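See below for the structure under consideration.
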Amino acid sequence: MAIAYPVDESVATQRWRVRLGQVPVFPSLILIALVLTAVFAAFLAPHNPTEGDIMRKLVPPVWMQRGTWEHPLGTDRFGRDVLSRIIYGSQISLIVSLLVIGVAGIVGTLVGLIAGYRGGITDAILMRLTDIGLSLPTVLIAVVLVAVSEPSFRNVVLVISLLLWPRFARQIRGETLALKEQDFVALAVVAGRSSRWIISRHIFPNVVPTLLVICTLQVGYVILLEGSLSFLGVGVPPPQPAWGLMIAEGRGFLATAWWMSLFPGLAMLLTVLAVNLLGDWLRDRLDPKLRQV
Amino acid sequence: MIRYLVGRVLQTLLSMLVVISIVFVLTRLSGNPVNLLLDVNATQRDIDILTHHLGLDKPLPVQYSLYVKNVVQGDFGKSILTRRPVTEHIWERLPATVELGSVAMFLSVMLGVPIGVYSAVRRGGFLDSSARVFAVLGQSLPPFWLGLMLILLFGVILGVLPAGGRGGPQHILLPAFTLGYFTSAAIMRLTRSSMLEVLGTDYIKFARLKGLHEQIVLWKHSLKNALLPVVTFAVMLFVQFLGGAVVTETVFAWPGLGRLILESITTRDYPIVQAGVLVLSALYLVGNLMVDVLYSWLNPKIRYRSSAS
């Protein structure tokens, strides 16, 4: 009931509150924990993530024989603390996905808005580009692009962004096409407003819910793709504690030191799971149209 | 229909040209091939001769058109490492990738369709709920980690399945499951929603009223019609497998095309990398084209929508 809301809330805030309702607990908690971990990594991590004590290599987790509280999740082949590396690794996953979503989101949204609003030849060209981008085998192209252009943090972000923006462009263009036919846009045109004004004041605010949903749903994909690149040795270079890299480093030690691969993978699984659950929920709340098989 | 077809074919050709261009630019970025081909103590004259022989002294646009021409004719050059034609290397590895993709698709369908049908029939039941968990997990599991954990469980701890390589049927089980897990979840959800739709139609109600056995209604009358979108989807998945095979093949040391590409990246054998990427991308693009055409032929709604936009 409307009376339940405090009077000083603006109409927009109220509308968002009604749209969102109850936030799901489990994914939110995990994501909050992840962000806090990444921000306070320096305080939380018991050891240096990149320098280990070679004398204490391959120490098992604390609950096993030979395990110590010094290294709760064990150490890797260089004696680096697995827990500390996972904690610092959260920074990489988080920063990569934020940057990629930022770059790809801005480019894709702009392309979508312009193509949808302008129509005609602009739309045709931009959408053909988008179609081509969507038709490429993502993992394969990403691997080869990063590998040849020297694996580095910057190149990973750039390549994934390059492959991701069409996903934004397509959806945003569809929304824009529908919005363009609305009366309030027609009125703004009659009032003599410029295209830029109409796009930024009338169209863009209305695509924000869709944009939020796509962003959230793509975060998990970006983390998995970054993980795959790191795992294949063409991602963020060692000795950085990227989760995918840690899993790859444990590959040769499955029989003797399984904890090297198991724990970073669990961290990745939990993170992606939380983001996806949150994305599904957001989609149902904000934009049921996006729901697909 | 013709207009849609022509447009779709043109778009596929354009995509292919983009891939070729990416690969061409990569060859320029990856350093001068002459330095890779020649000995360290080669003279300037050797370098000049080879540069001329490879056509690297020509202007870039000419080099580009020559490159496109060679690729279209199926000439990918020779491997830097083995000196054998690149096509031979590709043909050696392609069967393994296709085999893995086919088995993965078979597994996803065999797993996804029956579970999907039962989820639809017993909506909200135990199997339906667990299938939902299975599907959500499928979206979130890092495939390379899933593969390693399967090796840990079945190869190391239980010791019942080999950890890698290609050989008998026991070798393909783990990689195919890893590759197919995500997609079997997707097939399951698609079968479920498709079945729910069909089960609500009049002819199913009629079949039940006639007193037909429930199993016949389910598997013969309903599934047959519900399967249409699933079949096209399955073909699309097979195509996806080709693109995603790099990761799975690496985890299980599966001697396929994806693995070949990654090995060649490490040894800087760029002709093989280029050809591998081109072949996999071509298969991927043509496969997707076939799916789209098949789907629009089966489902006229798609056709009208695309010609309207």
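The values are calculated or read from the model by the stated rules, or taken from the named source; none is laboratory data. These numbers were taken from a predicted model, which means no experiment stands behind them. For neighbour counting, all protein chains shown are included, and Cβ atoms are generated from backbone atoms with ideal geometry for every residue, glycine included.
Things to note:
- Among the residues listed as A:267, A:242, A:188, the single one being small (Gly, Ala, Ser) and farther than 26 Å from residue B:262 by Cβ: A:188
- Consider segment B:138-171 and keep the residues that are part of a helix (DSSP H, G or I) and at pLDDT below 85. The one that is farthest from the chain's Cα centre (by Cα) is B:157.
- Residue in segment A:278-289 that is outside any loop (DSSP other than H, G, I, E, B), within 7 Å of chain B (Cβ to nearest Cβ) and at pLDDT 85 or above present: no
Okay, residues lined up against (1) farther than 30 Å from residue B:274 by Cα; (2) within 11 Å of chain B (Cβ to nearest Cβ):
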position: A:99; (1), (2): no, no
position: A:104; (1), (2): no, no
position: A:129; (1), (2): no, yes
position: A:135; (1), (2): no, yes
position: A:184; (1), (2): yes, no
position: A:191; (1), (2): yes, no
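- Long-range neighbours under 7 Å by Cβ, at least six apart or interchain, first residue facing another protein chain (nearest Cβ under 9 Å) within segment B:183-199, second β-branched (Val, Ile, Thr) and in a helix (DSSP H, G or I): B:190/B:230; B:194/B:230
Quick grid of which residues meet (1) of a type in the set (D, E, K, R); (2) out of contact with any helix residue (DSSP H, G or I) (no Cβ under 7 Å at 6 or more places or on another chain):
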position	(1), (2)
A:160	no, no
A:169	no, no
A:173	yes, no
A:178	no, yes
A:183	yes, yes
A:186	no, yes
A:195	no, no
A:208	no, yes
A:214	no, no
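- For residue A:124, the criteria (1) over 22 Å from the mean Cα position of the chain (by Cα); (2) within 22 Å of residue A:100 (Cα to Cα); (3) more than 7 Å from chain B (Cβ to nearest Cβ); (4) among the hydrophobic types (A, V, I, L, M, F, W, C) hold in every case but one, which is (2).
- Within segment A:144-191, tally of residues that are in a helix (DSSP H, G or I) and among the hydroxyl-bearing types (Ser, Thr, Tyr): 2
- Residue in segment B:71-92 that is more than 31 Å from the chain's Cα centre (by Cα), at pLDDT 80 or above and farther than 23 Å from residue B:267 by Cβ present: no
- Count of segment A:56-85 residues which are of a type in the set (Ser, Thr, Tyr) and part of a loop (DSSP other than H, G, I, E, B): 1
- Top-ranked residue in segment A:245-266 [being small (Gly, Ala, Ser) and facing chain B (nearest Cβ under 10 Å); ranked as surrounded by the fewest Cβ atoms within 10 Å (Cβ to Cβ)]: A:255
- Scanning segment B:1-36 for residues that are surrounded by fewer than 16 Cβ atoms within 10 Å (Cβ to Cβ) and modelled with pLDDT under 70 yields a count of 6.
- Tally of residues being out of contact with any helix residue (DSSP H, G or I) (no Cβ under 9 Å at 6 or more places or on another chain) and modelled with pLDDT of 90 or more across segment A:1-32: 1
- Look at segment B:89-118: where a residue is in a helix (DSSP H, G or I) and a partner is of a type in the set (D, E, K, R), sitting 6+ places away or on another chain with Cβ atoms under 6 Å, you get B:96/B:166; B:116/B:192.
- Being buried (at least 18 other Cβ atoms within 10 Å of the Cβ), among the small types (Gly, Ala, Ser) and either at pLDDT 80 or above or outside any helix (DSSP H, G or I) (or both) is a property that residue B:184 has.
- All conditions but one from (1) of a type in the set (A, V, I, L, M); (2) under 26 Å from residue A:163 (Cα atoms); (3) more than 11 Å from chain B (Cβ to nearest Cβ); (4) touching a residue at least 40 places away in the same chain (Cβ under 8 Å) apply to residue A:208; the one that does not is (4).
- Selection of segment B:234-250 for residues being more than 15 Å from residue A:137 (Cα to Cα) and within 8 Å of chain A (Cβ to nearest Cβ) yields only B:250.
- Residue within segment A:72-82 that is closer than 18 Å to residue A:265 by Cα, of a type in the set (A, V, I, L, M) and at pLDDT 85 or above present: yes
- Residue in segment A:209-219 that is closer than 30 Å to residue B:259 by Cα, in contact with a Ser or Thr (Cβ under 9 Å, 6 or more places away or on another chain) and of a type in the set (A, V, I, L, M) present: yes
- Output for segment B:42-67, where each listed residue is within 16 Å of residue B:23 (Cβ to Cβ) and small (Gly, Ala, Ser): B:65
- Residues of segment B:251-264 that are within 17 Å of residue B:181 (Cα to Cα) and either of a type in the set (D, E, K, R) or in a helix (DSSP H, G or I) (or both): B:251 alone.
- Matching residues, segment B:122-148, being crowded, with 20+ Cβ neighbours inside 10 Å and without any contact (Cβ under 8 Å) to a residue 40 or more places away in the chain: B:140, B:142, B:145, B:146
- Leading residue by the ranking (nearest to the chain's Cα centre (by Cα)) among those in segment B:209-230 that are in a helix (DSSP H, G or I) and loosely packed, with under 14 Cβ neighbours inside 10 Å: B:224
- Residue A:180 meets the conditions (1) out of contact with any Leu (no Cβ under 9 Å at 6 or more places or on another chain); (2) surrounded by fewer than 18 Cβ atoms within 10 Å (Cβ to Cβ); (3) away from chain B (no Cβ under 11 Å) in every case but one. The failed one is (2).
- Residue list for segment A:90-108, filter: crowded, with 23+ Cβ neighbours inside 10 Å and either modelled with pLDDT of 95 or more or in contact with a Lys or Arg (Cβ under 8 Å, 6 or more places away or on another chain) (or both): A:100, A:104, A:108
- Those residues of segment A:214-233 which are within 7 Å of chain B (Cβ to nearest Cβ) and either of a type in the set (S, T, N, Q) or touching a Pro at 6+ places or on another chain (Cβ under 7 Å) (or both), in sequence order: A:224, A:227, A:228
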